[in-house]
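The values are calculated or read from the model by the stated rules, or taken from the named source; none is laboratory data. Computed from a predicted model, the values in this text were never measured in an experiment. Cβ atoms come from the backbone with ideal geometry, glycine included; neighbour counts cover every protein chain shown.
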Amino acid sequence: MTVTTVPTSPIEGQKPGTSGLRKKTAVFMQPHYLENFVQSIWTAIDGVEGKTLVLGGDGRYFGDRAAQVILRMAAASGAAKVIVGQGAILSTPAASHMIRLRGADGGIIMSASHNPGGPKADFGVKYNVANGGPAPESVTARMFEATKTISEYQILEAQDVDLSVIGETTLGDMVVEVVDPVSDYADLMAELFDFDAIRDLFAGGFTLRFDAMHAVTGPYARHILVDTLGAPEDSVVNAVPSPDFGGGHPDPNPIWAKDLMDIMMSPDGPDFGAASDGDGDRNMIVGKGCYVTPSDSLAVLAANAHLAPAYKDGLAGIARSMPTSGAADRVAEALGVTCYETPTGWKFFGNLLDDGRATLCGEESAGTGSNHVREKDGLWAVLLWLNILAVRKVSVAEIMADHWGRYGRNYYSRHDYEGVDSDAANELMDDLRGRLSDLAGTTAAGLTVTAADEFAYDDPVDGSHSAGQGIRVFFEGGARVVFRLSGTGTDGATLRVYLESYETDSGKFDVDPQVQLQKVIQAAGELAGITVRTGRESPDVIT
Ligand code: G1P
Ligand code: ZN
């Protein structure tokens, strides 16, 4: 087998975003596009010679082809071994676990997460480092630099590797080990949680609906929830992954998982509902008649984690992304531990987890996880909820009422304006940035601004500094608005407006968040001139 050196030239726009490089599938399928980026990953990590990598993805369209290219490029550059999920499948948390379990040097995950898949939708490539987590900014910056100077890449001329059969083969001098994508991950979950208690819960008639959204979690959820824990067969729906996620949008929120929401809000709905995204790292939690916001879910999990074996000795600390609500902060305070506030994106949690400063982490965008891997983990969150419900023997609604009664309720919502003209979105942010120092003391929609700034983060472990991480405006009474531009979109700009207020009056715990937040929403619109600048009267997606 021969190694071919292919001349190429830099392709513009190969800058990794919040979570790897995400583009339209057709863009990724252009000549040299994937190859240039993969070679740039090798450059950024000082080559792959002698290294062991993990490879897998969420099964979306083009993933099978991309896997073969990545394998041939790894072999051409001298990698010792690549551990691949059967069929090129690995959920993101399972890939993170596999890197850690096998002591691999890193891994490549082929996914665009919750973005739709298919020839007309999105594809993505993300590199994770040896701790199992997404490459930090220092590494992604080197990748981007390499994409700007690349002049050639190396690829092995070879037939496709058969990824359908578990076992070892070789590709040139490189070993390719095809592994079951589910079993190691399932073993880890069994170590963390009290499976006997959850089994008893189902045996007692507790009902569940887990919507895998035609995405990668289907086989994992079926194996763990149905085959291992005894939930009835029909508890896991849309469980067969498809390359275009059944034509759907695999983002577990009340908009895109509306079928599940409708069932959960009906009088004869099941006790517990959950969904996960394209690559299995996000989760949505909903009780019978009771939706749990991701920010609240993090807080509840933190407050109750000690009920699961893995966390019985308590939490070292909690970490949340800045736009996530302050609900977890109140729990951290009660537990006497630190709640770290990080920029958006899981990569910022890695150091805190590695350094033993945080045990649980979460983001308002339906991501929750712990120190068991270095990615957020959808099914893990579902299992921790089930473990807590199995011990406490109350409903989700009761857990929420009890939680708010103790800590108060952080009302929360995110409004997304999608596909906005990029210049208009940047001008909106620039204009706000320019006025930040004058905002304190002014009012908007009758709310008095107490402080305003642009969030920046100094990593307490490695001292790295990340600036420009979202504009925050704080109001009297604990309300807050955050403005940020998405770093994962593939069409124009997405303006995210994060809205929050705090309520301690238990008589006001059952208000529709859009009603409760009305003034904050109005203030956000006024402060940023959203309608004037974007031409939009209302957001495209409200979660
Ligand atoms: C979004 C979420 C962020 C999450 C990321 C990857 O990024 O907001 O919390 O970490 O997806 O799943 P954004 O598009 O806002 O940059
Ligand atoms: Zn995801």
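Considering only the range 496-525, how many residues are touching a residue at least 12 places away in the same chain (Cβ under 8 Å), within 13 Å of Tyr412 (Cα to Cα) and aliphatic (A, V, I, L, M)?
Qualifying residue count, the range 496-525: 6.
Looking at the range 465-511, which of its residues are away from ligand 1 (no atom under 12 Å from the Cβ), closer than 27 Å to Lys126 by Cα and in contact with a Ser or Thr (Cβ under 7 Å, 6 or more places away or on another chain)?
Gly492, the sole residue that qualifies.
Being hydrophobic (A, V, I, L, M, F, W, C) and crowded, with 24+ Cβ neighbours inside 10 Å is the filter here, so list the residues in the range 315-331 that pass it.
Ile318, Ala319, Ala327, Ala328, Val331
Inspect all residues belonging to the range 324-345 and state whether any of them is within 11 Å of ligand 1 (Cβ to nearest atom) and free of Cβ contacts under 8 Å to residues at least 60 places away in the same chain.
yes
Could you tell me which residue of the range 125-148 is surrounded by the most Cβ atoms within 10 Å (Cβ to Cβ), considering only residues that are of a type in the set (A, V, I, L, M) and within 16 Å of ligand 1 (Cβ to nearest atom)?
Val125
Determine, yes or no, whether Asp423 is without any contact (Cβ under 8 Å) to a residue 60 or more places away in the chain and more than 30 Å from Ala197 (Cα to Cα).
Answer is yes for this residue.
Restrict the check to the range 4-17 and report whether at least one residue is within 16 Å of ligand 2 (Cβ to nearest atom), modelled with pLDDT under 95, buried (at least 19 other Cβ atoms within 10 Å of the Cβ) and of a type in the set (Gly, Ala, Ser).
Within the range 4-17, not a single residue is within 16 Å of ligand 2 (Cβ to nearest atom), modelled with pLDDT under 95, buried (at least 19 other Cβ atoms within 10 Å of the Cβ) and of a type in the set (Gly, Ala, Ser).
Got a sec? Which of Ala366, Ala358 is free of Cβ contacts under 8 Å to residues at least 60 places away in the same chain, farther than 14 Å from Gly133 by Cα and either within 16 Å of ligand 1 (Cβ to nearest atom) or crowded, with 24+ Cβ neighbours inside 10 Å (or both)?
Of Ala366, Ala358, the one residue that is free of Cβ contacts under 8 Å to residues at least 60 places away in the same chain, farther than 14 Å from Gly133 by Cα and either within 16 Å of ligand 1 (Cβ to nearest atom) or crowded, with 24+ Cβ neighbours inside 10 Å (or both) is Ala358.
Looking at (1) within 17 Å of Val48 (Cα to Cα); (2) in contact with a helix residue (DSSP H, G or I) (Cβ under 7 Å, 6 or more places away or on another chain); (3) surrounded by fewer than 23 Cβ atoms within 10 Å (Cβ to Cβ); (4) not aliphatic (A, V, I, L, M), which one does Thr170 not meet, given that it meets all the others?
Answer for Thr170: the failing condition is (2).
Of the residues in the range 81-124, how many are within 16 Å of ligand 1 (Cβ to nearest atom) and under 13 Å from Tyr61 (Cα atoms)?
Residues flagged as within 16 Å of ligand 1 (Cβ to nearest atom) and under 13 Å from Tyr61 (Cα atoms) within the range 81-124 amount to 11.
Quick one: is Arg65 at pLDDT 95 or above, out of contact with any helix residue (DSSP H, G or I) (no Cβ under 6 Å at 6 or more places or on another chain), within 16 Å of ligand 2 (Cβ to nearest atom) and closer than 19 Å to Phe245 by Cβ?
no
For every residue, the table says whether it meets (1) acidic (Asp, Glu); (2) farther than 30 Å from Leu229 by Cβ; (3) in a loop (DSSP other than H, G, I, E, B).
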{"position": "Ile388", "(1), (2), (3)": "no, no, no"}
{"position": "Val391", "(1), (2), (3)": "no, no, no"}
{"position": "Leu428", "(1), (2), (3)": "no, yes, no"}
{"position": "Arg433", "(1), (2), (3)": "no, yes, no"}
{"position": "Pro460", "(1), (2), (3)": "no, yes, yes"}
{"position": "Gly463", "(1), (2), (3)": "no, yes, yes"}
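Of all residues in the range 370-398 being out of contact with any strand residue (DSSP E or B) (no Cβ under 7 Å at 6 or more places or on another chain) and among the β-branched types (Val, Ile, Thr), which is surrounded by the fewest Cβ atoms within 10 Å (Cβ to Cβ)?
Once the filter is applied, the top-ranked residue is Val394.
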